[in-house]
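Down below is the structure, laid out as structure tokens.
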Amino acid sequence: METFHPLFGDTNYKESLSGRGLTLSWNNLSIYGKRRDPTCNNFWRPKIQRFKLLHKVSGIAESGSLLAIMGPSGAGKTTLLACISQRIQGDVDGQILLNGLEVEKNLMVKVSGFVPQHDLTVDTLTVHEHMTLMARLKMDRNLHHVERARTVDALLKELGLLKCKNSVLNVLSGGERKRVALAVQLLTDPSLLFCDEPTTGLDSFSAISVIEMLRTLASYGKTIVCSIHQPASGLFDLFDNISLLVTGGELAYHGPVSKVTDYFNKLDMVCPPSYNVAEYLVNQLAITPNGDKEKRQERVRRVCAAFSKSKAGRDLTNKLDNLIYNSAPASSAQTWSTASSLDTIVTDTHDEFIKFTRLKPPSQWIQFTWLLWRTQLDAIRKPQDTLLRFAFYMFIALLISFPYIGIQIDQYSVQNIQGLLYLVIVETVFTYSYSVYNTFPQEMPILLREINNDLYKPAPYYASKMICLLPRSIIEPLIYSAVVFWVVGLFGGISGFILFSIPVILSATAATAYGCFISAVFDSIATASLASVPIEFVSLSFCGIYLNFYTLPFYTAWIKYLSMFYFGIEAVSIVQWSEIDKIACNLNVTVSDFPCEHLGDIALDRYGYSESHFSVDILGLVFIYCVAHVFGYISFVRRSKRQPVY
């Protein structure tokens, strides 16, 4: 498949798109949020308040134009931008239209790009690695890898990123990060581009460079909408049109930037000669909690009411009506309300637009392989974390082993050996479950954005995490088992060590799966750690050390089969005690004072364990691993459906 991109420098591209662009419009858009009523004291059935974020806001962004959504803090700029780009959905009234037709989220995501104010990335990747990954996830799967590489290189060149292509993302300047985020969205050459606060945190030179770059893209027929807080004079004049919001989410003005000064002069809001027009308007239309709050509220109401009656307001209404009228089918009973493909939106069939409906996303297998590549690369780029974790785990192995070095087989050592086996499994389970509690809470903001933008499905991501965690859950416990086994001098030789290491490794993998489940359910590490305490307490109580299984009633005896600790401790106990066919009885005590357990299976029986249960224990740990990941995946899918934060 042939690739094409306007930044490749085709001088005929701009002319070829004349009249073929997409016009974005929104009509009487109201957006509502929900919050808990602070006056309601009912914890179980709290009263939910519905409050308005935006109130009947309308606007148009035409092909080849650069529109600024401007207003004071709290006016709803980012909310409006995320809503018209269909990046957030919820309690919304009104219409969002392309060329006069209402558009669904799946189509809007295909034809548009969204550059957030704060870009969330895996910062250990280089610029080129990040772009290569995004190209593989965003571009057509049938595109040859050479064409993808050409597209990436061309974008890096045109956006001035070649000099930092091999730099990791966390060392880039603010301007460079903005350009990387923009380059990612341009990979598919979208017809619509949304930028949230593209100049925030940048110096004046970098800010002007970014806006001039957006103007260049608009000149190629793209429709570009930016939210911007308070642009400098030089920046403000670079925009073609402005949509000015006030505190409370109402529309004060929508129209050309060139006419905004004259419009507000007629409302007796004359900008002083030494003032920046944008700054003046934002300050005048902000409602602050100081002494003149009521006066400002009255001014805002007057300005918003004046716009709906003004020529600019009537022009906006007429444009919206004409768009809707001209897009309606001339002779069809079918309504114009929903466009499922670009064939109905673009009046003149053109490959640059139809390509979006024909774009084939990568298969879930491709998504899995590239997400696994990113996860592994991120781990490799953090060797200090891996080494520190490994060193700590080995230190614990030595610490556990030290009191038991040179242990002898007699009646007193039965308790010692069983205590050692208990510590080996318990430390393994706690270490590996707690080490992954931060997995999903830490990465969820990135995941919500990427999944919401249809970069990949939840299943490939979760599977990549599962696979990436396996090597550590196998290699480290194997070394840990070797340290304990050979330092203490446990029994069974090479075959005994192999059998000893199997339940330790399986306990680690089951604990990792359990940790993933807890991590997927709860939003924070602190909550996950707190919620796991009662689960681990019950599980540990039924491991066979604290309770004798022979004394348990039938309605609680089954709980042991839910315990990783039980399966792991019983399995390693079987490995050790099955190798011992004679335990010396102490000669200086009587049988009544100290019963003599002269066989290994008798020692097992004391704790309610059975030598025939080894295979059951192994299968039990495998079962817990599978079930924990199934529930972890279900919880992860549920959380992935939440709205991302922009």
*Could you please find all residues in the range 429-443 being surrounded by fewer than 21 Cβ atoms within 10 Å (Cβ to Cβ), within 15 Å of the chain's Cα centre (by Cα) and in a helix (DSSP H, G or I)?*
441, 442, 443
*Among the residues of the range 135-153, count how many are in a helix (DSSP H, G or I) and under 28 Å from the mean Cα position of the chain (by Cα).*
10
_Which residue is farthest from residue 32 (Cα to Cα), if the candidates are limited to the range 219-275 and must be polar (S, T, N, Q) and not in a strand (DSSP E or B)?_
274
*Looking at (1) within 27 Å of residue 298 (Cβ to Cβ); (2) not in a strand (DSSP E or B), find the lone condition where residue 211 falls short.*
(1)
*Does at least one position in the range 400-409 carry a residue that is closer than 22 Å to residue 606 by Cβ, in contact (Cβ under 8 Å) with a residue 60 or more places away in the chain and in a loop (DSSP other than H, G, I, E, B)?*
yes
*Search the range 522-555 for residues being touching a residue at least 40 places away in the same chain (Cβ under 8 Å), within 14 Å of residue 440 (Cβ to Cβ) and surrounded by fewer than 19 Cβ atoms within 10 Å (Cβ to Cβ), and hand back the single one that is nearest to the chain's Cα centre (by Cα).*
523
*Give 616, 637 a once-over and let me know the one that is over 27 Å from residue 553 (Cβ atoms) and part of a helix (DSSP H, G or I).*
637
_Among (1) surrounded by fewer than 19 Cβ atoms within 10 Å (Cβ to Cβ); (2) closer than 15 Å to residue 419 by Cβ, there is one condition residue 559 misses while meeting the rest; what is its number?_
(2)
*Just name the residue that is farthest from residue 635 (Cα to Cα) out of those in the range 403-435 that are of a type in the set (A, V, I, L, M) and at pLDDT 90 or above.*
420
*Mind checking which pairs have a first residue in the range 274-302 that is modelled with pLDDT under 80 and a second that is of a type outside the set (S, T, N, Q) and in a helix (DSSP H, G or I), Cβ under 6 Å, 6 or more apart or different chains?*
287/296
*Can you pull out the residues in the range 113-134 that are part of a helix (DSSP H, G or I), surrounded by 19 or more Cβ atoms within 10 Å (Cβ to Cβ) and either β-branched (Val, Ile, Thr) or in contact with a Gly (Cβ under 6 Å, 6 or more places away or on another chain) (or both)?*
127
*List every residue pair whose Cβ atoms lie under 6 Å apart, where the two residues are 6 or more positions apart in sequence or sit on different chains, the first residue falls within the range 487-498 and is over 20 Å from residue 403 (Cβ atoms), and the second residue, located anywhere, is surrounded by 14 or more Cβ atoms within 10 Å (Cβ to Cβ).*
492/579; 496/579; 497/485
_Given the criteria more than 29 Å from the chain's Cα centre (by Cα), in the same structural domain as residue 621 (by the TED database), hydrophobic (A, V, I, L, M, F, W, C) and crowded, with 24+ Cβ neighbours inside 10 Å, does residue 484 qualify?_
yes
_So, restricting to strands (runs of 3 or more DSSP E) that lie completely within the range 1-81, which ones have at least 1 residues that are at pLDDT below 90 and of a type in the set (Val, Ile, Thr)?_
24-36, 48-61
_Suppose the filter is within 23 Å of residue 137 (Cα to Cα), out of contact with any Pro (no Cβ under 7 Å at 6 or more places or on another chain), surrounded by fewer than 23 Cβ atoms within 10 Å (Cβ to Cβ) and not polar (S, T, N, Q); does residue 446 pass it?_
yes
*Sort out which residues of the range 524-542 are in a loop (DSSP other than H, G, I, E, B) and either modelled with pLDDT of 85 or more or basic (Lys, Arg) (or both), and write them in order of number.*
542
*Is there a residue in the range 421-428 that is in contact (Cβ under 8 Å) with a residue 12 or more places away in the chain, part of a helix (DSSP H, G or I) and touching a Gly at 6+ places or on another chain (Cβ under 8 Å)?*
yes
*Across the range 267-291, which residue is nearest to residue 56 (Cα to Cα) among those that are more than 42 Å from the chain's Cα centre (by Cα) and surrounded by fewer than 11 Cβ atoms within 10 Å (Cβ to Cβ)?*
268
*Members of the range 175-208 that are among the aliphatic types (A, V, I, L, M) and either assigned to a loop (DSSP other than H, G, I, E, B) or surrounded by 19 or more Cβ atoms within 10 Å (Cβ to Cβ) (or both)*: 180, 181, 182, 183, 184, 186, 187, 192, 193, 202, 207
_Subset tally (residues that are within 19 Å of the chain's Cα centre (by Cα) and closer than 21 Å to residue 190 by Cβ) for the range 107-131_ = 12
*Please state which of the following conditions residue 97 fails to meet, knowing it meets all the rest: (1) surrounded by fewer than 21 Cβ atoms within 10 Å (Cβ to Cβ); (2) not in a helix (DSSP H, G or I).*
(1)
*asked:* Can you pull out every residue in the range 220-260 that is exposed (fewer than 15 other Cβ atoms within 10 Å of the Cβ) and among the hydroxyl-bearing types (Ser, Thr, Tyr)?
replied: 233, 258
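The values are calculated or read from the model by the stated rules, or taken from the named source; none is laboratory data. Since the model is a prediction, treat every value here as computed from it, not as a measurement. Cβ atoms come from the backbone with ideal geometry, glycine included; neighbour counts cover every protein chain shown.
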